[in-house]
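Step one of this worksheet: look at the structure below.
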Amino acid sequence: MEQQSLFDDRQTSSPLASRMRPRNLEEMVGQQHLLGKGKILRHLIEQDQISSTIFWGPPGVGKTTLARIIAERTKSYFVDFSAVTSGIREIREVMKRAEDNRMMGERTILFVDEIHRFNKAQQDAFLPYVEKGSIILIGATTENPSFEINAALLSRCKVFVLQALTADDLEAMLKRALTDPRGFGHYQIQMGEDLIRMIANFANGDARTALNTLEMAVLNASTQGDQITVTRRQLEQCVSRRSLLYDKTGEEHYNLISALHKSMRNSDVQAAVYWLARMLEAGEEPLYIARRLIRFASEDIGMADSRALEITVAAYQACHFNGMPECNVNLTQAVVYLTLAPKSNALYMAYEKAKKDALEQLAEPVPLQIRNAPTALMKELHYGEGYQYAHDTEDKLTTMSCLPDSLEGKKYYVPTTQGSEARVRARMEQIEQWQRLHRKSEKKGQ
């Protein structure tokens, strides 16, 4: 009964995320690279010197909140505009009002949420007014401005990149929501530090998600007298999927990516797909997984199937374009391909051996025959002397050595016989045999 009364008390008011929206820069969490003391964006806001700007960042990191804080501090007329619900007609109406304000000596700040949703014609409608100074445009976008915003408009705006909030940022925000009168400060809520941390990890850098999850957990919590207690089981029920609540920076994160890697390396398709699903359904960033697949393609497959790298790079691009959940099948395709591909770590081993020699012989000079000689002095010092241009030969091969003398004959890349690397091995053996024969002939001719 008491739980129901708490729900009734709050259901007619605004959501927790709205009530806890920061009112000033001091209440903002995260973005210290822009809003810390002495940082450029903070200075521009405090001095009321904001020019046309694009806020680029993932959802729930404070783009709209920053615009509202600017509205509070600015001496300008402020218009809140949504690219989702507005078209050319609405833009022209706002621009006319802004032009009238300019004639009266008043600036207009136009905030456009989700500006990437405007098409080229709609974005072009802003241009003359931005150029004349009729408006100061502040756009918010979750998409890369380089691709989604017209170059002419983008060149007239400063771009500030907002970062996903850290788990520590979100944890601090959640604790404040539990004690602030705007949040649940009027209630006696018992909630363990571990549960707060779980919500912070689940939210994946999104303040709105974190606050919505907290609100759901509190409204569905157990009550006894005035005490409201949130349990782990209730919290897991609120988010529906227990697997979502794992620390993406902790041990489980690394255990899962290790499981995925080793399943692919072991050519176990079923296990690889399962561990991929575990990570994605736990809220793992798909681009992180795609980056790890790109590394795997070269480290564990390499020249045994050189297409593996192309496919994983394509999967990364697909993740960027599609996002979750659509990109899950793109990643599945890449994982299955990598798992079934022939395996070779020859490229990895080659670099590690070369790195060891490079670090131990940092001062080893470049052989004279493969140095450039753009000046007369360099030619006098024998730079480029003895250089053989492979394209001038019938076989497109030469007997010239390109390694330092101290490393002559050293082998770093030793191809295996797996997949396409067998052809690479045969080609390397053919080149080496040609060089042995022709070097032998050269010695005889001397």
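The values are calculated or read from the model by the stated rules, or taken from the named source; none is laboratory data. Just so we're clear, the structure is a prediction, and the values are computed from it rather than from any experiment. Glycine also receives a Cβ, built like all others from the backbone with ideal geometry; neighbour counts cover every protein chain displayed. In case anyone asks, the SASA skips ligands and DNA or RNA and just uses the protein heavy atoms, side chains included. Shrake-Rupley method; radii C 1.70, N 1.55, O 1.52, S 1.80 Å.
Over the chain, what is the percentage of antiparallel beta bridges among all DSSP beta bridges, to the nearest 5? Walk me through the numbers before you get to the answer.
Values: 3 of 26 bridges.
Around 10 percent of the beta bridges assigned by DSSP in the chain are antiparallel ones.
Taking a ≥ b ≥ c as the square roots of the eigenvalues of the Cα gyration tensor, region 26-129 is oblate, since a/c reaches 1.5 or more and a/b is not larger than b/c. For the chain, there are no membrane-span-like helices by this rule, meaning no whole DSSP H stretch whose C-alpha atoms cover at least 30 Å of axis and whose Kyte-Doolittle mean is 1.6 or above; this says nothing about an actual membrane. Between residue 369 and residue 324, the modelled labels are 5.6 nm apart [label points 7 Å from Cα along Cα→Cβ].
As a ratio to 2.2 N^0.38 Å, the alpha-carbon radius of gyration for the chain is 1.37.
Note on residue 353: aspartates and glutamates with a C-alpha under 18 Å away, same-chain residues under 8 apart excluded, are 299, 300, 364, 405, 408.
The lysines within cross-link reach of residue 175, meaning a Cα-to-Cα straight distance under 21 Å and a gap of 8 or more places when in the same chain, are 248. Solvent-accessible surface of the chain, taken per residue with a 1.4 Å probe and all protein chains present: 55 Å². Over the chain, DSSP H runs of length four or greater, each weighted -39,500 (n - 2.57), average out per residue to a 222 nm ellipticity of -15000 deg cm²/dmol. Charge dipole (Cα centre; +1 on Lys/Arg Cβ, -1 on Asp/Glu Cβ; no other charges) of the chain amounts to roughly 700 debye. Applying a 4.7 Å cutoff between beta carbons, the unpaired cysteines of the chain are 157, 238, 402. Comparing 359, 178, 276 in a Gaussian network model of the chain, where Cα atoms under 10 Å apart are tied by springs, the biggest mean-square fluctuation is seen for 359.
Picking from 220, 372, 204, which is most flexible by a Gaussian network model of the chain using Cα springs under 10 Å? Of 220, 372, 204, the Gaussian network model singles out 372 as fluctuating most. Ellipsoid semi-axes for region 159-308, based on the Cα gyration tensor and the rule √(5λ), read 38, 17, 10 Å when sorted largest first.
Order 385, 99, most accessible first, counting only protein heavy atoms with a 1.4 angstrom probe.
Values: 385 115, 99 40 Å².
So, going from the largest accessible area down, we get 385, 99.
If only the Cβ of Lys and Arg carry +1 and only the Cβ of Asp and Glu carry -1, the dipole of region 375-446 around its Cα centre is close to 320 debye.
Give a quick list of trypsin sites (Lys or Arg not before Pro) in region 337-446 that DSSP marks as loop, anything other than H, G, I, E or B, with at most 11 other Cβ atoms within 10 Å.
Working: sites: 343, 353, 355, 356, 371, 379, 396, 410, 411, 423, 425, 427, 436, 439, 440, 443, 444; in loops: 343, 371, 396, 410, 411.
Here the trypsin sites (Lys or Arg not before Pro) that fit, given the DSSP loop and packing criteria, are 396, 410, 411.
Here the accessible area of the chain is 52 percent carbon and sulfur, with a 1.4 angstrom probe and all protein chains present. Over what distance in Å are the Cα centres of region 153-194 and region 290-321 separated? Taking the Cα centre of region 290-321 as reference, the centre of region 153-194 is 36 Å away. Annotation: lysines with alpha-carbon distance below 17 angstrom to residue 343 (same-chain offsets under eight excluded): 262. Inter-label distance, residue 152 to residue 172: 4.3 nm, where each label sits 7 Å from its Cα along the C-beta direction. A 1.4 Å probe, protein heavy atoms only, puts the accessible area of residue 93 near 90 Å². Rounded to the nearest 10 square angstrom, residue 157 shows an accessible area of 20 square angstrom against a 1.4 Å probe. Classify region 354-420 from the C-alpha gyration tensor, please: rounded if a/c falls under 1.5, else prolate or oblate depending on whether a/b exceeds b/c. Since a/c reaches 1.5 but b/c is at least a/b, the shape of region 354-420 is classed as oblate.
Between residue 431 and residue 407, what FRET efficiency comes out of the Förster formula 1/(1 + (r/R0)^6) with R0 = 22 Å and r the beta carbon distance, rounded to 0.05? Display every interim value, and only then the final one.
Numbers: r = 18 Å, r/R0 = 0.81.
With a Förster radius of 22 Å, E is 0.80.
Over the chain, Cα pairs under 8 Å with separation of 6+ residues give a relative contact order of 11 percent.
Stretch residue 440-residue 117 to full length: gain in nm at 0.36 nm per residue minus the Cα-Cα span?
Computed gain between residue 440 and residue 117 is 109.4 nm.
When all protein chains stay in place and ligands, DNA and RNA are ignored, the 1.4 Å accessible-area order of 375, 398, 179, largest first, is 179, 375, 398. Projecting the Cα atoms of 67, 319, 199 onto the charge dipole of the chain (Cβ charges, centred on the Cα centre) puts 319 farthest toward the positive pole.
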